[in-house]
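Structure first, commentary second.
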Amino acid sequence: MGRPLGVIILGAGMILAGLGFAVAGIVFFFMGSTTATLTAPENGSVAAMFVALGTAAGVIFLLFGVLHIVLAVAIFQLRNLARILTIFLFLLIAAGACLGLIATLLSYSHIGLLWNASILVVDLLALWYLLRPPTKEAFHA
């Protein structure tokens, strides 16, 4: 059995998401250092906090980006372990989207609501696809 079209679409989407996460990580590094530079003359401890927050967020986003790309390559190779790890990754992202929906509902924002709902829908579609019997068969599960 060849590589299904859904696997190609999923892998390409994961690579794009990984690149987006990597860019966001670099932006967080830049924002943390820029904000620290601007606040350092008035308050050094606040500047240190901005550097720490920017670094932490940058590292987390870069790790998620690398994880997406590594799993996407393994998904293209039809590795069953990659399918299972991707299911866990999408469950984690869906949980974050649910928390984002709750936070958005508390401070209502049309854009935030649309963003979190779209992430949740895409994640649920990917989970549905990865758990289908024909997809499991393609991964030799």
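The values are calculated or read from the model by the stated rules, or taken from the named source; none is laboratory data. All of these numbers come straight from a predicted model, not from anything done at the bench. So basically every Cβ, Gly included, is an ideal-geometry build from the backbone, and we count neighbours across all protein chains shown.
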Completion exercise
Considering residues that are surrounded by 12 or more Cβ atoms within 10 Å (Cβ to Cβ) and in a helix (DSSP H, G or I), the number found within region 103-130 is 19
Fill in the blank from the handout: If you go through Leu62, Leu67, the only one that is assigned by TED's automatic domain parsing to the domain that holds Ala17, touching a Phe, Trp or Tyr at 6+ places or on another chain (Cβ under 8 Å) and under 15 Å from Met14 (Cα atoms) is Leu62
Handout entry: Which listed residue, of Ala82, Ala138, Ala126, is aliphatic (A, V, I, L, M) and without any contact (Cβ under 8 Å) to a residue 60 or more places away in the chain
Key = Ala82
Problem - Lone qualifier among Phe61, Phe88, Phe21, Phe30 - being in a helix (DSSP H, G or I), in contact (Cβ under 8 Å) with a residue 24 or more places away in the chain and loosely packed, with under 13 Cβ neighbours inside 10 Å - result: Phe30
